[in-house]
Amino acid sequence: MQQNFWISVEEKEKIFHTELVKYGVEYEQARKAAQILAYSQPDELLSQQDRQTVTQACNKWSTERKRYKRITSGV
């Protein structure tokens with residue numbers, strides 16, 4: 001039996017925002033990036049500013065998440 005899991009845009013936005021803030025992205029930048037990510041629009045439909053916001057937020061998230069994983073794994 002196949003189960004469909006549907007997550008609303010609002011729920012996706014909350015999840016993205018929480019994850020971004022958790023790893024050090026500034027609150028307002030995380031809010032804007034989460035909103036953009038939750039709507040899943042193709043890059044071509046985003047403004048340069050929106051692409052830059054998402055890229056910066058995701059880069060910060062990735063860097064800090066890797067740092068956290070290194071610290072907590074003892075490596």
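The values are calculated or read from the model by the stated rules, or taken from the named source; none is laboratory data. All figures in this text were calculated on a predicted structure; none of them were measured in a lab. With ideal geometry, Cβ positions are generated from the backbone for all residues, glycine too; neighbour counts draw on all protein chains shown. Note: accessible area is taken over every heavy atom of the protein model, side chains too, but ligands, DNA and RNA are not part of it. Shrake-Rupley method; radii C 1.70, N 1.55, O 1.52, S 1.80 Å.
Data table
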{"read-out": "Cβ-Cβ under 9 Å pairs, at least 6 apart or on other chains, the range 6-19 side without any contact (Cβ under 8 Å) to a residue 12 or more places away in the chain, far side open to solvent by 80 Å² or more (accessible area, probe 1.4 Å) and assigned to a helix (DSSP H, G or I)", "value": "I7/I15"}
{"read-out": "Residue match in the range 6-28 (condition: of a type in the set (A, V, I, L, M, F, W, C), open to solvent by 90 Å² or more (accessible area, probe 1.4 Å) and modelled with pLDDT under 95)", "value": "yes"}
{"read-out": "Meets criteria (within 12 Å of the chain's Cα centre (by Cα) and modelled with pLDDT under 95) for S73", "value": "no"}
{"read-out": "Test for Q41: is it part of a helix (DSSP H, G or I) and of a type in the set (S, T, N, Q)", "value": "no"}
{"read-out": "Filtered residues of the range 27-58 (kept if β-branched (V, I, T) and touching a residue at least 12 places away in the same chain (Cβ under 8 Å))", "value": "I36, T53, V54"}
{"read-out": "Residue list for the range 40-75, filter: acidic (D, E) and open to solvent by less than 90 Å² (accessible area, probe 1.4 Å)", "value": "D50, E64"}
